[in-house]
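Q: Just passing along the structure, written as structure tokens.
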Amino acid sequence: MKKLFFVTFLLAFGLMSCKKNKDKSCTVSEQTLVGSYKVTSVKYQASASVPAVESINDFLEPCELDDVITFLSNHSYTYKDAGTQCSPNGDDDGSWSLSGNVLNVDGDNVTFDSFSCTGFTLSISNYDVDGDKATITYKKQ
């Protein structure tokens, strides 16, 4: 389960960079993906009949709360075990691509719920069990 979350984290963390324009709106594109991001919220909904609850501390270790993923323009990414170091160190790297609003990181796909110049949200249905949902929010650094 932790590996799936890590991959999802990697997938989603890179979708927040944007260039400024007159109306300050951003759309997901290869150019707007480039940048560095950090997880700010993880909400978990055990089933459709219960509300989602903030669960970041259930999904991430304390040493992972300050980690940063950077999506580079050459379609590679780096995941940096920033700040408080985990043991073992969580540094990683790999590749990403984009097709519409679906991000592929190292072969795993995720679709965005929302995207703006300052952050984005994605959800994973059937994350741990059938009918549950994890919603992860990222902020551009």
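The values are calculated or read from the model by the stated rules, or taken from the named source; none is laboratory data. The shown structure was predicted, so the numbers you read here are calculated from the model rather than taken from an experiment. Ligands, DNA and RNA are excluded from the accessible area calculation, which covers all protein heavy atoms including side chains. Shrake-Rupley method; radii C 1.70, N 1.55, O 1.52, S 1.80 Å.
Q: Over all distinct Cα pairs, what is the inverse of the mean 1/r for region 30-141, reported as the Kirkwood hydrodynamic radius in Å?
A: Numbers: mean 1/r = 0.0670 Å⁻¹.
Kirkwood radius, region 30-141: 14.9 Å.
Q: Give me a comma-separated list of calculated 3J(HN,Hα) values for region 29-39, in order, Karplus coefficients 6.51, -1.76, 1.60 applied at θ = phi - 60°, integers in Hz, x for any Gly or Pro.
A: Here the 3J(HN,Hα) series is 8, 4, 5, 7, 6, 5, x, 10, 9, 9, 5 Hz.
Q: Which residues' amide hydrogens lie under 5 Å from the amide hydrogen of Ser55, considering only partners 5 or more residues apart or on another chain, with H built in the peptide plane?
A: Val42, Lys43, Tyr44
Q: Here's a follow-up. Can you work out the Karplus-derived ³J(HN,Hα) for every residue in region 125-141? Use 6.51 cos²θ - 1.76 cosθ + 1.60 with θ = phi - 60°, whole Hz, and x for glycine or proline.
A: 7, 6, 4, 10, 9, 4, x, 8, 7, 10, 10, 10, 10, 10, 10, 5, 9
Q: While we're on this one: Where only protein heavy atoms count, and the probe is 1.4 Å, what is the accessible area per residue for region 44-141 in Å²?
A: Working: 5220 Å² over 98 residues.
Solvent-accessible surface per residue comes out at 53 Å².
Q: Per the 1.4 Å probe, what fraction of the accessible area of region 23-141, in percent, lies on carbon and sulfur atoms?
A: On the way: 3040 of 6280 Å².
Exposed carbon and sulfur together represent 49 percent of the surface.
Q: For Val34, what residues show an amide H to amide H distance below 5 Å, using hydrogens built from the backbone and excluding near sequence neighbours?
A: Ser17
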